[in-house]
Amino acid sequence: MPRRQATRRRSVPAGIKRIEITLSLWYGLWVMNARHSACMALTVLLLICGCNSVQVKVASSFPQDRVKRVAVLQFDQKGYRHTIIDKVSHGVSTAKNRGRLTASLVSVALQDWGRYQVVPRHEIAIRLKAKKLKEEGIIYSLGREAVGKLFGVDAVVIGQVDAYESRFFLMLQSAKVIFTARLMDIATGQEIWKVHVKMKDDYTSEERLIAGAMHEAVEKLRAKIGERAAKPAEE
């Protein structure tokens, strides 16, 4: 019987094997990087969409035209933080008087709106000094009716600052603000409208963030209050 010839495997040269292994590794890394980049892009998109917001709520039952003159009082604020790890590379800072700064910026935005007669912040300071009163928490210590008489207003804007800070890391600088502002009726204590702001951006300041956010908030308030005022006429 004829002998079966043994089949021999063709041996792959070592150079080609190394090329195949290298290509496989590069392909694997490319797939991993593509997935990672997609995940990072999605994360950044979610952060951008989720971090910055200006929310406005208007009381549907309150007669908005009843409020003519308002005062913006110093906002409540959370703990102070100032950490400079390295003046060149890394640090974070929170303004000590951020409650007063935020109130001033909100006051300017409401003055620009023109809907209300807004008591200037310096006039509030003068009246408080004459009475030897502290502005911080005055709505709780003095009472809303007494505050209304002191400043001659129909409503007051009170609020809270949860974040007012600037950060820097190497060449990247960022600012972050989170605060809530409420317009409260002096006679009833009812909340007339509320604005909640959560903003973070690079290469800017807290003041610019608040000014931009309040401009957006005023436009939303204008639209909502205008809509509610027009509803009775339409009916």
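In table form, for the structure just shown:
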| read-out | value |
| --- | --- |
| Gain upon complete extension [K131, A223; 0.36 nm per residue less C-alpha separation] | 29.2 nm |
| ³J(HN,Hα), Karplus 6.51/-1.76/1.60, whole Hz, each residue of the range 123-139, x for Gly, Pro | 5, 4, 4, 5, 5, 5, 5, 5, 8, 6, 10, 9, 6, 4, x, 5, 5 |
| For R66, net neighbour charge (Lys/Arg +1, Asp/Glu -1) across residues whose Cβ lies under 10 Å away | -2 |
| Net charge of Cβ neighbours under 12 Å - reference H215; Lys, Arg +1; Asp, Glu -1 | 0 |
| Per-residue HN-Hα couplings for the range 186-195 [Karplus 6.51, -1.76, 1.60; θ = phi - 60°; Hz; x = Gly/Pro] | 5, 5, 10, x, 6, 7, 7, 8, 9, 10 |
| Exposure proxy order (Cβ contacts within 10 Å, fewest to most) of S166, S141 | S141, S166 |
| Simple label model, 7 Å out from Cα along Cβ direction - S141 to Q117, nm | 2.8 nm |
| Inter-label distance, nm, simple model (7 Å from Cα along the C-beta direction), E216/S53 | 1.2 nm |
| Ordering of 179-186, 148-155 by packing [mean C-beta count within 10 Å, highest first] | 179-186, 148-155 |
| Formal net charge of residues neighbouring W193 (Cβ-Cβ distance under 10 Å; K, R +1; D, E -1) | +4 |
| Förster radius 41 Å - calculated FRET efficiency between Q190 and R167, Cβ distance, rounded to 0.05 | 0.60 |
| Order of K200, K96 under a 10 Å beta carbon neighbour criterion, fewest first | K96, K200 |
| Descending semi-axes in whole angstrom, ellipsoid equivalent of the range 52-234, from the Cα gyration tensor | 31, 21, 12 |
| For peptides 114-121, 63-70, sequence by mean Cβ density within 10 Å, most packed first | 114-121, 63-70 |
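Computed from the coordinates by the stated procedures, all read-outs in this text should not be read as laboratory data. As the structure is a prediction and not an experimental result, all values here were calculated from the model. Neighbour counts run over all protein chains shown; Cβ positions are idealised from the backbone, glycine included.
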